[in-house]
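S.K.: Got a structure here, written out as structure tokens. Questions coming.
Taken together, the values in this text are just the output of simple stated rules run on the coordinates, not laboratory data. Because the structure is a prediction, the values reported are computed rather than measured. Cβ sites come from the backbone with ideal geometry, for glycine too, and all protein chains shown count toward neighbours.
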Amino acid sequence: IPVEDFDLVIFGATGDLARRKILPALFRRFCAGQMSPGARVIGAAKTRHDAESFRAVAADAIREQSSDRCCDEAALGRFLACLDYVPLDALGETGWTDLAGHLDPGHVRAFYFSVRPMLFAELARRIRDYDLVTPGTRIVVEKPFGRDLHSARDLNAMLASNFAERQIYRIDHYLGKETVQNLMVVRFANMLFEPLWNSQYVDHIQITVAESEGIGSRADYYNRAGAMRDMIQNHLMQLLCLTAMEPPARFSPDTLRDEKLKVIHALDPVLPHHIVRGQYEAMPGREADHPSYRQAVGDPRSTTETYIALRVHVSNWRWAGTPFYLRTGKRLVARSSVISVVFKDAPHAIFGQEGGRHINVLTIRLQPNEGITLQVTIKDPGPGGMRLVDVPLDMTFAEALGPEGEHPPDAYERLVMDVIRGDQTLFMRGDEVEAAWAWTDPIIAGWEARGDVPKPYETGSTGPRDAELLLARDNREWRGIR
Ligand code: BG6
């Protein structure tokens, strides 16, 4: 469904996020016919470009990101015609009047803050001072949304003093992922799962977001953030909320966000022995291309964690007694984001204990190889008696849904179009972000006070050994990362 005509201003339009994600996402929506030819995408950044040279930057970025799909050059030409550029100084007055002249009063208007957070307040103030806010104006803010509760509150207060909450779109791109949305559909559109989705039937839940990549070119940011701030406080917290929340009355922004917020409020503080922090070491024999984290950031004493595993409790009626184990890390053996719902044993083993323990596990593969698998127990074929074996009931979206399932749209395609449509359902509300920090801060303060040093783990491994012990102590084990 095509969206209304819009003017999307991207501050930081020549930066990494714009080139890797935002511009390619817009192009794909353009090709899908969702973005009308009347729409304008206005790059605004300090870099000296004109419309032509910005279009060339955008074309290169789009071609690079489209390598796995066809990039239709004719369509690209038509898309580039929608692009414009205004050289602009976020901290000064240069370019703002020019920007105002590019905006159409009849269009939906969105300002995308794809810049360092220290510039947010300056941008917000100038958008107001130059009278660029119309009733249809939206502000899109990227993470990191603060680095603790205090800074997140300041940021929220600053945004609230310039815009209404209904105009603010805080991005957590995990919410835009197809399979993350599918998690809600699987839970709430099937009669099968929901009656079992509680501590009576679920033994525990694992949420893994493993990455094989390192920290890329973001050493400065990452060394100040670490995995807890970079991944747990936002992406894994969102996955936890969607997995644990009560069914919202309807799929609408506030009903959904109210339910997520209740989960965050129900989280217990995390005990020190339920936290494992790790930091990656060089890959043995390949130190040159796979250096240690400390080498990568040029900080030989860094105690920033590149891996974290937590045992978390959602203290409410539904989940009392069912732990959630979260883990995420960089430079692990594979890229794999998976939620595993591990069910309890059947109450009575009528086939005896032969062949060990058999349990049902629902695995939701968020990426790659998106799909859902239900592990069920059946009879091992053959005349050898009642031997049991676990087999997967597998639905791989690529197989079940054809090309649509094979190439799910990128999270940014969905999210940017939702901004234009004015749908905040998949964006975080201010109180949600603050509640997430209120839970995160004491965990970080605790390890800082104890002077904890992350445990080393090998590049290409599954993480530090202590993370295995975290589950082994509870007689459980992590599901494989691959
Ligand atoms: C970002 C983090 O928010 O998410 C990165 O800052 C991380 O460190 C990335 O690599 C992971 O996103 P995805 O979509 O590749 O799983």
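S.K.: Roughly what would the spin-label model give for F251 and E287, points 7 Å off Cα along C-beta, in nm?
M.R.: 5.3
S.K.: Something else now. For R128 and A75, what does the FRET efficiency come to when R0 = 22 Å and r is the distance between their Cβ atoms, rounded to the nearest 0.05?
M.R.: 0.05
S.K.: Going by how many other beta carbons lie within 10 Å of each one, how would you line up M395, M417, fewest first?
M.R.: M395, M417
S.K.: With each pseudo-label sitting 7 Å past Cα toward Cβ, what's the D345-E165 distance in nm, one decimal?
M.R.: Here the answer is 4.7 nm between the modelled labels.
S.K.: On full extension of the chain, what length is gained from H407 through S151, given 0.36 nm per residue of separation minus the C-alpha to C-alpha distance?
M.R.: In short, 88.4 nm is gained.
S.K.: Go through V338, L470, I62 and say which Cα lies farthest out towards the positive end of the charge dipole of the chain; charges sit on Cβ, +1 for Lys and Arg, -1 for Asp and Glu.
M.R.: L470
S.K.: Note the angle between two axes, namely the Cα long axis of helix 120-129 and the longest principal axis of the Cα atoms of the chain, as a number of degrees from 0 to 90, rounded to the nearest 10.
M.R.: Tilt of helix 120-129: around 40 degrees.
S.K.: Now for a separate question. Output the antiparallel fraction of DSSP beta bridges having both residues in the chain, as a percent to the nearest 5.
M.R.: 55
S.K.: Right, something else. Please give me, ordered by residue number, the trypsin sites (Lys or Arg not before Pro) of the range 133-231 that lie in loop per DSSP and have at most 15 other Cβ atoms within 10 Å.
M.R.: Details: sites: R138, R147, R153, R166, R170, K177, R187, R218, R224, R229; in loops: R147, K177, R218.
Counting only loop positions with at most 15 other Cβ atoms within 10 Å, the trypsin sites (Lys or Arg not before Pro) in the range 133-231 are R218.
S.K.: Sticking with this one: Quick one: which residues, 5+ away or cross-chain, put their amide H under 5 Å from the amide H of S337? H built at 1.01 Å from N.
M.R.: A210, L366, Q367
S.K.: With θ taken as phi - 60° and the coefficients 6.51, -1.76 and 1.60, list the Karplus ³J(HN,Hα) couplings across the range 88-94 in order, rounded to whole Hz; mark glycine and proline as x.
M.R.: Per-residue couplings from phi come out as 8, 10, 5, 9, x, 9, 4 Hz.
S.K.: Measuring from centroid to centroid over Cα atoms, what is the spacing of the range 418-482 and the range 188-226 in Å?
M.R.: 8
S.K.: Find how much the distance from K262 to W317 grows on full extension, using 0.36 nm per residue of separation minus their present alpha carbon separation; answer in nm with one decimal. Please list the in-between numbers first.
M.R.: On the way: separation 55, 0.36 × 55 = 19.80 nm, distance 1.20 nm.
Gain on stretching K262 to W317: 18.6 nm.
S.K.: Excluding residues on the same chain fewer than 8 positions from K379, give the lysines whose Cα lies under 29 Å from its Cα.
M.R.: Straight-line reach from K379, under 29 Å: K344.
S.K.: Putting +1 on Lys and Arg Cβ atoms and -1 on Asp and Glu Cβ atoms, find which of P105, T134, M158 reaches farthest to the positive end of the dipole of the range 94-191.
M.R.: M158
S.K.: Students often get this wrong: which residues of the range 101-136 have the backbone nitrogen under 17 Å from the point 7 angstrom along Cα-to-C-beta of E52?
M.R.: Those under the cut-off are none; the list is empty.
S.K.: Also, I was wondering about something else. Helix 411-421 versus the longest principal axis of the chain: what angle, 0 to 90°, nearest 10, using Cα atoms?
M.R.: So the inclination is approximately 50 degrees.
S.K.: About its Cα centre, how strong a charge dipole does the range 255-337 have in debye, to the nearest 20, once Lys and Arg get +1 and Asp and Glu get -1 at the Cβ?
M.R.: 160
S.K.: Here's something else I'd like to know. Along Cα→Cβ, 7 Å out, is where each label goes; now give me the distance between the ones at D474 and T396 in nm to one decimal.
M.R.: It works out to 3.1 nm between the two label points.
S.K.: About its Cα centre, what dipole magnitude does the chain give when the only charges are +1 on Lys and Arg Cβ and -1 on Asp and Glu Cβ, stated in debye to the nearest 20?
M.R.: Computed charge dipole of the chain: roughly 680 debye.
S.K.: Charges only on Cβ, +1 for Lys and Arg, -1 for Asp and Glu: so what's the dipole of the range 22-163 about the Cα centre, in debye to the nearest 20?
M.R.: 400
S.K.: By how many nm would the segment from Q200 to L271 grow when fully extended, if each residue of separation counts as 0.36 nm and the alpha-carbon distance is taken off?
M.R.: Full extension from Q200 to L271 adds 23.2 nm.
S.K.: Angle, helix 178-189 long axis vs. longest principal axis of the chain, Cα atoms, 0 to 90°, nearest 10?
M.R.: Once rounded, one gets 60 degrees.
S.K.: If you don't mind, there's one more thing I want to ask. Run through the range 349-402 and list the trypsin sites (Lys or Arg not before Pro) located in a DSSP loop whose Cβ has at most 13 other Cβ atoms within 10 Å. Each step should come with its number before you reach the end.
M.R.: Details: sites: R357, R365, K379, R387; in loops: R357, R387.
In loop regions of the range 349-402 (DSSP not H, G, I, E or B), the sparsely surrounded trypsin sites (Lys or Arg not before Pro) are R357, R387.
S.K.: Same structure, new question: Past 22 Å, Cα to Cα, is the threshold; run K260/K455; K21/K46; K143/K260; K21/K455; K46/K330 against it and keep the listed order.
M.R.: Among K260/K455; K21/K46; K143/K260; K21/K455; K46/K330, the Cα-Cα distance tops 22 Å for K260/K455; K21/K455; K46/K330.
S.K.: Output needed for the chain: three equivalent-ellipsoid semi-axes, defined as square roots of 5 times the C-alpha gyration tensor eigenvalues, in descending order, whole Å. Before the final figure, lay out each step's value.
M.R.: Numbers: eigenvalues 330, 134, 105 Å².
Taking √(5λ) for each Cα gyration eigenvalue gives 41, 26, 23 Å.
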